[in-house]
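The values are calculated or read from the model by the stated rules, or taken from the named source; none is laboratory data. All values reported here derive from a predicted model rather than from experimental measurement. Backbone-built Cβ (ideal geometry, glycine too); neighbour counts: all protein chains shown. Areas reflect the complete protein model, heavy atoms only, side chains present, ligands, DNA and RNA absent. Shrake-Rupley method; radii C 1.70, N 1.55, O 1.52, S 1.80 Å.
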Number of protein chains: 2
Amino acid sequence: MAQRGQSDAAGRSRRAPAENAAEITTPMPAIGGNGLRDRARAIPEAAVARLAVYLRVLSGMREQGVGSVSSEELSVAAGVNSAKLRKDLSYIGSYGTRGVGYEVEVLVDQIERVLGLTREQSVAVVGIGNLGHALANYGGFPGRGFPVTALFDVDPDLMGVPVGGIPVAHIDDIPSVCAAREVTIGVIATPPPAAQAVCDRLVEAGVECILNFAPVVLQVPETVEVRKVDLAVELQILSFHVARRADHAPAEDATPAQRVNGVANPNGVAVRR
Amino acid sequence: MAQRGQSDAAGRSRRAPAENAAEITTPMPAIGGNGLRDRARAIPEAAVARLAVYLRVLSGMREQGVGSVSSEELSVAAGVNSAKLRKDLSYIGSYGTRGVGYEVEVLVDQIERVLGLTREQSVAVVGIGNLGHALANYGGFPGRGFPVTALFDVDPDLMGVPVGGIPVAHIDDIPSVCAAREVTIGVIATPPPAAQAVCDRLVEAGVECILNFAPVVLQVPETVEVRKVDLAVELQILSFHVARRADHAPAEDATPAQRVNGVANPNGVAVRR
DNA sequence: GCGACTTTGTGCCCGCGTTCACAAGCAGCT
DNA sequence: AGCTGCTTGTGAACGCGGGCACAAAGTCGC
């Protein structure tokens, strides 16, 4: 992560070296605040990504009537090691009871709080092609959803046509519509050439968080955060691994892949062997 | 920044300059081989992701007739710092001339070689919903494409229907079809409940690299590499940032976001200030 | 009420990836 | 040739995130 993304690609996370210098372990006197701000600020990006995964797993558990869960159980369900899971949870506070585990309900609430899911985010999708359609219909997923409240495109045939219940507007209306509906997250699913222009309009509309599916490096003001999902890059990374193992072990696993059941890496980063 | 290369099917030849392969710094005995294997193995995942980005930028430059480029130019175009770019390029060999820069053509070829793009990868997409459609039509993107050669779903109405030129087959046929078409990369775009079963079938068919769009933690053998793209997680990470800055600076940027033009982070990670 | 057991929370270490800064090397001019 | 200026390639330091292992803390049973 992904990545790195995804995220992470995987590989992920970077920040200005100056200020985070003193996070985590440092007591940090919580200068003028409730401390939650400073805490929220200190959570590493990678941990945030995993928290989102934990949230999904926990939501599933809650629906199945599971009342409490240990870090061990949760960690295998989420595909991470239990120490990392506990550390991640410790970033948001101490909500477990030693010797017992965590209460599912509590954990769900707290993670939602930290991820800012208590106030519903309003999402705008720009570019209503196949991908845009998919995103517009993505509305309800486990836990609270991100309501898609605005759709934009340039195709005249699409204007006013409802997709997933929301009529499509012209991208020229981005500023007014986004302001009116208090859009906080913009999703760019346009062809590459249009991406920067669309991005500029979103920024102009006051959107400060953007998820970009177009394979373009967006230029944005420092105040705006961009996350990128790049299909081509993902495929190329996989291609790299295909090539690497082809080079590296020209003739081995002719054996029909027995189920060893390793665990998929949460960051979308490949297991290196 | 306009690029958008569709067809650039110039058959280029590749050939690894065997000499420079194993030298440089690492002693690394290069046990039984050309050393390229060891090198390829040593490239960090994060660097691979960036190389893919460089490749796209370079392809665009080549189409515009740019002959050579310095690390500085390329780094700003790709949105990374120049030192990192040079280090990334150094992983694949020394193809620059000091005092001058890099030859675009050479760099493109070498990156393609390392990413394994010289042998075309065959991709299968499972789950032909909106997202599946989008992926099936994704075939041609800058540089060489990944040919999608197989599509699968369970919907009887879709059987045999061509999408993006390829008829949809039933997921029960995954093993046979994938084997026949030598699929090396599988893409899962199914609803969550079906993902694990589909994954198992792909693995059974010998696919060792999987790109998973379903919000599920897949269980796979150790030999299989999984990358995950999780829309919900991406949105939640952005939501986290919205919440964080809302908490942290309740009343500041009333100013209409002036164009400072920071540069989007290549890892998809937000620029934090 | 006390001891034993279980599980959390975290201090510490380690390795990877990023960044800095500089030496090495090439081109072009005098 | 030799000097100058520029850019690459990389050694070395740094900082973050991951993992281990243990102390703290609470529960359960007797």
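Per-structure values
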| read-out | value |
| --- | --- |
| Heavy-atom accessible area per residue - region B:35-114, 1.4 Å, Å² | 40 |
| Residue-normalised accessible area of region A:123-231, given per residue in Å² at a 1.4 Å probe | 34 |
| Rounded to the nearest 10 Å², the accessible area of residue A:238 at probe 1.4 Å | 0 |
| Shielding by other protein chains, A:212-219, mean Cβ within 10 Å | 6 |
| Apportionment of accessible area to carbon and sulfur, region B:35-114, percent (1.4 Å) | 49 |
| Chain pair A, B: total accessible area buried, heavy atoms, 1.4 Å probe, Å² | 9800 |
| Region B:35-114, dipole about Cα centre (Lys/Arg Cβ +1, Asp/Glu Cβ -1), debye to the nearest 20 | 320 |
| Virtual paramagnetic centre 7 Å along Cα→Cβ of residue A:103, amide N under 12 Å, in region A:48-92 | A:67-69 |
| 5 angstrom amide H check on residue A:187, placed H, neighbours 5+ away | A:124, A:125, A:126, A:211 |
